[in-house]
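Taken together, the values in this text are just the output of simple stated rules run on the coordinates, not laboratory data. Everything numeric in this text was worked out from a predicted model, so none of it was measured. So basically every Cβ, Gly included, is an ideal-geometry build from the backbone, and we count neighbours across all protein chains shown.
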Amino acid sequence: MSTGYKIDEKDGIYFLTFQIVEWVDIFTRKIYRDLVLESLNYCMNSKGLVIYAFVIMSNHIHLLAESKTEDLSGTIRDFKKFTSKKIIEIIESGGESRERWMLSIFKKATLKHSHNKNYQVWTRENHAELIYSEKFIDQKLDYIHENPVRSGWVVRPEDYVYSSASNYIDGSGVLNVEVMYQRWKTYT
């Protein structure tokens, strides 16, 4: 079922949200967060993905992004397909205390969509919102960077490693994102 949040403007900048099925808190483990970072970095270097802001939460990811190749949908599709496969490989390789529970949920999710045969890790939706103004950019930058603060994980946005907040504060960060402008600052 379509939510109406589609990537229609091929050359647009989008606020994207994609989540794990049933909101499974998979990204509480570093190994999965690092997989996401490596995959996003690959997409930036090899597929023309431009990321302006991001945050990896426990069960979803927010991006402010566009595509140099005007194929944002394709890049996100490939990202989700690759990371799904790798997440399942990591789970099945042992060491994941939640293995049976997670695989059960991911298996059950395939019953809702005929496209998936074994497991579905990500929901099919990308919740894509076209960015149409500087005010909307400000709103989404704040939303992305304040997410870990609202969750109670950190006091200041730039203290959360798995976000682009520090890129906007001092130019550091775990991903080399394209800083849109320096308006965004911490509130503390």
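Values computed for the structure shown
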{"item": "Amide proton proximity set for ALA53, modelled H, under 5 Å, gap of 5+", "result": "LEU64"}
{"item": "Cα centre as origin, Lys/Arg/Asp/Glu Cβ charges: the chain dipole, Debye", "result": "700 debye"}
{"item": "GLU66, GLU134, GLU99 arranged by Cβ crowding within 10 Å, fewest neighbours leading", "result": "GLU134, GLU99, GLU66"}
{"item": "Most positive-pole-ward Cα, GLY94, ILE137, VAL179, against dipole of the chain from beta carbon charges", "result": "GLY94"}
{"item": "Positive minus negative residues near SER67 (Lys, Arg vs Asp, Glu; Cβ under 15 Å)", "result": "-2"}
{"item": "Residue among ILE51, ILE91, ILE26 with the largest mean-square fluctuation in a Gaussian network model of the chain, springs linking Cα atoms under 10 Å", "result": "ILE91"}
{"item": "Net charge of Cβ neighbours under 13 Å - reference GLY48; Lys, Arg +1; Asp, Glu -1", "result": "-3"}
{"item": "Links that overshoot a 27 Å alpha carbon limit, given the list LYS6/LYS112; LYS68/LYS117; LYS30/LYS108; LYS30/LYS85", "result": "LYS68/LYS117"}
{"item": "C-alpha long axis of helix 72-92 to longest principal axis of the chain, angle in °", "result": "50 degrees"}
{"item": "Extreme residue, positive dipole direction of the stretch 14-170, given options VAL149, GLN19, ILE105 (C-beta unit charges)", "result": "ILE105"}
{"item": "For the stretch 141-177 versus the stretch 37-74, the gap between their alpha-carbon centres in whole angstrom", "result": "16 Å"}
{"item": "Extension gain, SER133 back to LYS6 (0.36 nm per residue minus Cα-Cα distance, nm)", "result": "43.9 nm"}
{"item": "Sum of side-chain charges, VAL121 neighbourhood, beta-carbon under 10 Å (Lys, Arg +1; Asp, Glu -1)", "result": "+4"}
{"item": "[x] 15; [y] 28; [z] 18, with the label sought being that of the calculated percent of Cα pairs over 30 Å apart", "result": "[z]"}
{"item": "Folded to 0 to 90 degrees: helix 99-109 orientation relative to the chain principal axis, Cα", "result": "90 degrees"}
